[in-house]
1. Considering only the range 27-41, state which residues are of a type outside the set (Asp, Glu) and surrounded by fewer than 10 Cβ atoms within 10 Å (Cβ to Cβ).
2. Please tell me if Ser49 is within 14 Å of the ligand (Cβ to nearest atom), exposed (fewer than 11 other Cβ atoms within 10 Å of the Cβ) and either outside any loop (DSSP other than H, G, I, E, B) or among the hydrophobic types (A, V, I, L, M, F, W, C) (or both).
3. Which one of these does Phe65 not meet: (1) assigned to a loop (DSSP other than H, G, I, E, B); (2) more than 9 Å from the ligand (Cβ to nearest atom)?
4. Of the residues Glu4, Glu24, which single one is within 18 Å of the chain's Cα centre (by Cα) and surrounded by fewer than 11 Cβ atoms within 10 Å (Cβ to Cβ)?
5. So which pairs qualify, if the first residue must be in the range 34-58 and among the polar types (S, T, N, Q), the second must be within 12 Å of the ligand (Cβ to nearest atom), the Cβ gap must be under 6 Å, and the two must be at least 6 apart or on different chains?
6. Which one of these is assigned to a loop (DSSP other than H, G, I, E, B), at pLDDT below 95 and within 26 Å of Gln68 (Cβ to Cβ): Asn40, Asn3?
7. Which pairs do you get when a residue that is within 16 Å of Glu62 (Cα to Cα), found in the range 7-30, comes within reach of a residue that is among the charged types (D, E, K, R), reach meaning Cβ atoms under 9 angstrom, with the pair 6+ apart or on two chains?
Amino acid sequence: MDNEAPELTASDLERLAAKVVALESQLAKLQTLASRIESNSYGKCEACSTEIEMEILAADPEALFCGQHSSQGQNLI
Ligand SMILES: [Zn+2]
């Protein structure tokens, strides 16, 4: 009986489902990052292709936009 699987309640399943959704969106972000690194566009603004300011990348390594376009980027995501 020690190997019995723990009973999952509906709220447990809900929490797990929310976690899966969060992980999936994180994975999508990481895949985007990986392809940006591969194509040498990491750290460049999606809107104007200039280098994203270091302080923005330090605060958010996944930043896709420079300081000028960052508010625009948040709306896209
Ligand atoms: Zn920009």
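The values are calculated or read from the model by the stated rules, or taken from the named source; none is laboratory data. On a predicted model such as this, the values are computed, not experimentally measured, just so you know. Glycine gets a Cβ as well: all are built from the backbone with ideal geometry, and neighbour counts include every protein chain shown.
1. Taking the range 27-41 as the starting set, the residues that turn out to be of a type outside the set (Asp, Glu) are 27-37, 39-41.
Selection gives Ser39, Asn40.
2. Details: within 14 Å of the ligand (Cβ to nearest atom): yes; exposed (fewer than 11 other Cβ atoms within 10 Å of the Cβ): yes; either outside any loop (DSSP other than H, G, I, E, B) or among the hydrophobic types (A, V, I, L, M, F, W, C) (or both): no.
The answer is no for Ser49.
3. Looking at each condition in turn, Phe65 falls short on (2).
4. Numbers: Glu4 fails: within 18 Å of the chain's Cα centre (by Cα).
Result: Glu24 is the single residue among Glu4, Glu24 that is within 18 Å of the chain's Cα centre (by Cα) and surrounded by fewer than 11 Cβ atoms within 10 Å (Cβ to Cβ).
5. That search, which allows pairs on different chains as well, returns Thr50/Cys66.
6. Details: Asn3 fails: within 26 Å of Gln68 (Cβ to Cβ).
Every option except Asn40 fails the conditions.
7. From the range 7-30, the pairs are Lys29/Glu62; Leu30/Glu62.
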